[in-house]
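**Q** Take a look at this one; I'll ask things after.
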Amino acid sequence: MKRLPAVGLLSLTLMLGAALTWGLVDAQVTETTPVPATTTESQPTSEPAPVDPAVSPTEAPAEAAAQSENATLELIRKGDDGKERRIRIVRTGTTDETGIFTICSRQDDEPEDAPTLLVFSETGASGIQITIDQNVIRVPLALVTQKDVPEGQEGGDGRIEASAGTARFLENPPEGKTDRLSRCAVEATPAPTPGTVRVTQGKTQLTGQKLVYDQTDGIARIDGPIAFSRANDDGPLTGSSQRIDVDVDNETTVLVGNVVLTSKGGRVSKAGRVEYDDAANVARLIGTPEQPAESVQGGDTLRAGVILYDLDRNEVVARKADGGTITGEFQDGEPQTGTSQATPADVPVRPTLPVNPPGESP
């Protein structure tokens, strides 16, 4: 049985053998009980705990049985387009030995608009799972802050801080400490560490050290150093960046700061920003006039305002930004430069084919 100290706003239902689900709908924490599997996604539902993809098929049934009870939270963000986008947080563990889930609500002497704090921790292999857009993020500790709002009013989706670290219940509130979690007899110890925030998007794996999501701009920022790896048939595509930005409203994932992508075949591509979409098999390398995007293979170099990278085939297409140029340096010829008026908007480049100036044939 999970211990849930200092819960003043909720009545909690725990049924053995079923998942425990908490929904934040329009910024209201609501009590839920197990419901049929046919319930629509817009309603909080009870469900089996996720199974770690790393677990083998023979281990999966035992893993699923062991995780038949968990805690799930959904933050619902309403964009300017009226569309609802959900951020889902799941604790996969089942015992206090590997982590905790608890809700610490407003104390009696605090203002009426004081936020509710939720703590998710799990040191097991699956960790705490946070799903944002196409990204499934695993992390040992997640702290969620959510303001309570009067019934019938809309509120924000909240704030998430996630990293390595642990949380535990205390026998009694520590003397002399006045922070909310201490008053709820809970200790949470974040410990941001490189490689401990694990992001999966399709065939792509990324790691960082800390995630912060805030309702003010709807962007989840994962601090680096970021390490990148994508499994391809001809060998992995690897890379690095300083940060990852996941824009919930625009449903985009962007690698930010000194992004480098390296294929097994030797193609090295660089840009200040890279919009990444594993499902579409494309990365959009975005340069600036001062620092254009660049892709190099062997003695061939391509520079442009935007380079589209085919992730499966390790091929690139140069796209001229407004007022910009596309330039190339090729091993079998003189450096070639296209002007903003004459250069075509899209120039495909394959590992064995150079870009030719306008009017010339290959």
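FYI, it's all coordinate maths here, none of it is from the lab. A quick note: this is a predicted structure, and the numbers were derived from the prediction, not measured. Neighbour counts are summed over all protein chains in view; Cβ atoms, including those assigned to glycine, are modelled from backbone coordinates with ideal geometry.
**Q** Distance in nm between label sites at residue 262 and residue 170, each 7 Å beyond Cα in the beta-carbon direction?
**A** Each label point lies 7 Å from its Cα, and together they span 4.7 nm.
**Q** Then there is this: Let me make sure I get this right: for region 257-304, a, b and c are the square roots of the gyration tensor eigenvalues over alpha carbons, sorted descending. Under 1.5 in a/c it's rounded, otherwise prolate if a/b > b/c, else oblate. Which is it?
**A** Since a/c reaches 1.5 but b/c is at least a/b, the shape of region 257-304 is classed as oblate.
**Q** In nm, to one decimal, how far is the residue 231 label point from the residue 131 one, both placed 7 Å along Cα→Cβ?
**A** The answer from the label model is 2.0 nm.
**Q** Ok, one more. Calculated FRET efficiency, residue 112 and residue 279, Cβ-Cβ r, R0 56 Å, to nearest 0.05?
**A** 0.80
**Q** From the Cα gyration tensor of region 152-308, with a ≥ b ≥ c the square roots of its eigenvalues, which class applies: rounded if a/c is under 1.5, or else prolate if a/b is larger than b/c, or else oblate?
**A** Because a/c hits 1.5 or more and a/b exceeds b/c, region 152-308 counts as prolate.
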